[in-house]
Every structure is written in structure tokens, then in C-alpha cells.
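What follows is a set of notes on a single structure, which appears directly below.
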Amino acid sequence: MKINQMTRRRFFVNAALSTAGFALSSPVLSSAKNPQQEVPNFNLMKEVMKYRKIDAYTTSNLSSENLAMQVDFADRLGIQKMFIAGPMTPIKATPEEFRELNDRTIKAMNQYPDRLVGEFTVNPIYSKESLEEIKRCVDRGMVGTRLYNQVKINDPLYFPVIEALSDLNMIIFMHGECQLGVGGYRMKYDANKLPTTSTPADFVDAAQRYPEAMFQFAHIGGGGDWECMCKTFADYPNIYVDTGGSNNEENMIDFALEHLGEDRLFFGTDNSFYQSVGKVLSSNLSESQKKKLFFENYRKVLRKGGYHVD
């Protein structure tokens, strides 16, 4: 099997030294005085595979080739389920467009029914069509949303969508960003982002208005100011974050734990598979906390909406 062929050296190379964090902060690896010295009796892949995992954020172009590659990564790294949708694209997200995207996601689910779970996209500018699409997608087995930046999360246009998903006890997953020039925040620093991009403050506003709803802020490792994100969300227990993204600064996971607690962190990759596993393993989280982050926290949220991962 491919898993057995994955050596310690290959794992580090493929992780593109997300293992800079891995090697420096892991008590096992940092104990070696000689950086070239192999750590005896340490099987890295055994460590990787001992944790059950749900990927709460996978992005795909939904082609057969891309899906096969992603399932192969999941096999290598012990990822049991992947929650998947198409990437953010420069579309207006008309009803025709978001239905077509959701249909492609449903097709992907049917290709890998035991591994892939689809998340649906709607656009609250089209309120009637969005509410109809939520019902259609839930009936087809999709779970939760993949929302983008057509409208800010705290815009009144989103309220009917939030209320519908809250009634279903489903996670409200939305992309947000936190950096200069985003979402109307000090826009003189133009990051070439739409002013309708949601910021952490927008999430807080929505979470306060709907304390019964569950919000997921996408990928704290996606390149923004993750310290600001975690500090902003600290006092709002219905906002969760996933740890996905290709940015792997040291202490990111520990910082998120400190400010959000062990029950509000989800494992996610956003397709940065090795990095996303490595930065959790290299953190100072306890065994029970890693189990929660990798698997148990997201499973608990899914159960509230009637979706069970055994």
C-alpha cells in the first residue's frame, strides 16, 4: 500500500517544511542534537495514522482526476471523511450558477459515497431561490454550506439563510478574511478584495444576532491575521474555526487553543494535506485535544444536524 511506502523523509519533503514547525516544536524531534540523526524507534506515519480525521474544509474543482487525487491523500493520511465543494470563483452566483455548482458536488458525492460529503452554495441576493436550493440540497444528502463573498455574513440579506440553516442545526461555513484592505477595513491598502468580504467583526455581529446558529470561519491558516481572528472570536462560543490552509506559522494551533478552547477547533486542509496534519502533530496539544481537533469536535457538530460519522 502507498501508506507503507511513505517514509519519514518523504513526509517532511512533501510537507514543504510545514515541518519547520513540526521539527522545531515536536518534543520528540527537537530532542535530537544532530539534525541529521534519525530518532530511534519513532514511526512518524504510525503517529499520523493513529488519529481518526474528518476534513472539515476540502476544496475541489470536482473533476474525476482531482477527486481521485484528494481521496488518495485521504488514504495516505487517515482522513475518513472530506467535506467538499467547489472553490471560490469570480461568478455572480446566479441561481443557475449555484445550482450547477451544487449538481457537480452531488455528482462527486456519488462517485465516493463513503468518503465525500458535499456542502452547498447559495447566494442570499436571490432569497427565494436560495431557500429552495437549501431544501433541494439537503434532500440530496448535502450537509452545511460553502458561502463566499457575494454578501457579508451580517448583511440582512443573509438572515433568512442563517435562520434556515439554524433550524436544520447545520454549520454555516463561510469564507472570511482578516488583513489590511479586506472587507472595507482600511481599504486604502487595496488587497484587490471585494468590500463584501466578511471580516471577523462581521462574524461576531452575526453570531450575536443568532446565538443559536453555528458559524465556521474558514481556514485560519489561509494567509490572514490568525491571531486577530482567534482573539476576536474568543467570547463567542457559536463561532468555530478550522485549521486548514498552507500557512503554518509556529504556535498557530496552540494560540487558537488558548483563545478558543479545545471544543471549537476543526481539522481542515483546504488541500494543504501534509501541512495541515503536520502543524497539529507539532503543536503542544494533549492527546485528547488532538483527538478532539482531528475528529470529535466536527463529528459532534454534525450530529446536531442528524449526520453521523461512525
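Quick check on segment 160-212: of everything there that is at pLDDT 95 or above and more than 23 Å from the chain's Cα centre (by Cα), which residue is farthest from Cys137 (Cα to Cα)?
Filtering segment 160-212 for residues that are at pLDDT 95 or above and more than 23 Å from the chain's Cα centre (by Cα), the one farthest from Cys137 (Cα to Cα) comes out as Arg209.
Identify, by number, the condition in (1) part of a loop (DSSP other than H, G, I, E, B); (2) touching a residue at least 24 places away in the same chain (Cβ under 8 Å); (3) not hydroxyl-bearing (Ser, Thr, Tyr) that Pro195 doesn't meet.
Condition not satisfied by Pro195: (2).
Does Phe267 meet the test of being of a type in the set (Phe, Trp, Tyr), crowded, with 24+ Cβ neighbours inside 10 Å, out of contact with any Asp or Glu (no Cβ under 8 Å at 6 or more places or on another chain) and closer than 14 Å to Ala218 by Cα? Give the steps one after another, and end with the answer.
Details: of a type in the set (Phe, Trp, Tyr): yes; crowded, with 24+ Cβ neighbours inside 10 Å: yes; out of contact with any Asp or Glu (no Cβ under 8 Å at 6 or more places or on another chain): no; closer than 14 Å to Ala218 by Cα: yes.
Judged against the criteria, Phe267 is not a match.
Residues of segment 251-299 being of a type in the set (Lys, Arg) and assigned to a helix (DSSP H, G or I), which ones?
Hits for segment 251-299 are Lys279, Lys290, Lys291, Lys292, Arg299.
Any residue in segment 92-106 that's touching a residue at least 12 places away in the same chain (Cβ under 8 Å): show its pairings with residues that are crowded, with 16+ Cβ neighbours inside 10 Å and among the small types (Gly, Ala, Ser) at Cβ separation under 7 Å, as long as the two are six or more apart or on different chains.
From residues that are touching a residue at least 12 places away in the same chain (Cβ under 8 Å), the pairs are Leu101/Gly86; Arg104/Gly86; Thr105/Ala85; Thr105/Gly86; Thr105/Gly118; Ile106/Gly118.
Any residue at all in segment 199-209 that is closer than 16 Å to Lys152 by Cβ, surrounded by 16 or more Cβ atoms within 10 Å (Cβ to Cβ), in contact (Cβ under 8 Å) with a residue 24 or more places away in the chain and among the basic types (Lys, Arg)?
Looking through segment 199-209, none of the residues is closer than 16 Å to Lys152 by Cβ, surrounded by 16 or more Cβ atoms within 10 Å (Cβ to Cβ), in contact (Cβ under 8 Å) with a residue 24 or more places away in the chain and among the basic types (Lys, Arg).
Go through (1) buried (at least 19 other Cβ atoms within 10 Å of the Cβ); (2) within 14 Å of the chain's Cα centre (by Cα) and name the single condition Asn247 misses.
Of the numbered conditions (1) buried (at least 19 other Cβ atoms within 10 Å of the Cβ); (2) within 14 Å of the chain's Cα centre (by Cα), the odd one out for Asn247 is (1).
Under the condition of being of a type in the set (D, E, K, R) and part of a loop (DSSP other than H, G, I, E, B), which residue from segment 151-179 is farthest from Asp270 (Cα to Cα)?
Within segment 151-179, the match that is farthest from Asp270 (Cα to Cα) is Asp155.
Hey, any hits in segment 226-240 for a residue that's farther than 18 Å from Glu163 by Cα, aromatic (Phe, Trp, Tyr) and part of a helix (DSSP H, G or I)?
Yes; the residues of segment 226-240 include at least one that is farther than 18 Å from Glu163 by Cα, aromatic (Phe, Trp, Tyr) and part of a helix (DSSP H, G or I).
Under 8 Å between Cβ atoms, which residue pairs at least 6 apart in sequence (or on different chains) link something in segment 233-247 that is under 13 Å from Gln275 (Cβ atoms) with a partner that is assigned to a helix (DSSP H, G or I) and not polar (S, T, N, Q)?
Thr243/Met252; Thr243/Ile253; Thr243/Ala256; Thr243/Lys279; Thr243/Val280; Thr243/Leu293; Asn247/Trp226
Do we find that Leu302 is within 16 Å of Gly144 (Cβ to Cβ), not small (Gly, Ala, Ser) and not in a strand (DSSP E or B) in this structure?
Yes; evaluated as a whole, the condition is true for this residue.
Of Phe22, Phe73, which residue is part of a helix (DSSP H, G or I), surrounded by 14 or more Cβ atoms within 10 Å (Cβ to Cβ) and at pLDDT below 95?
On the way: Phe73 fails: at pLDDT below 95.
Sole residue among the options that is part of a helix (DSSP H, G or I), surrounded by 14 or more Cβ atoms within 10 Å (Cβ to Cβ) and at pLDDT below 95: Phe22.
The values are calculated or read from the model by the stated rules, or taken from the named source; none is laboratory data. No experiment lies behind these values; they were computed from the predicted model shown. So basically every Cβ, Gly included, is an ideal-geometry build from the backbone, and we count neighbours across all protein chains shown.
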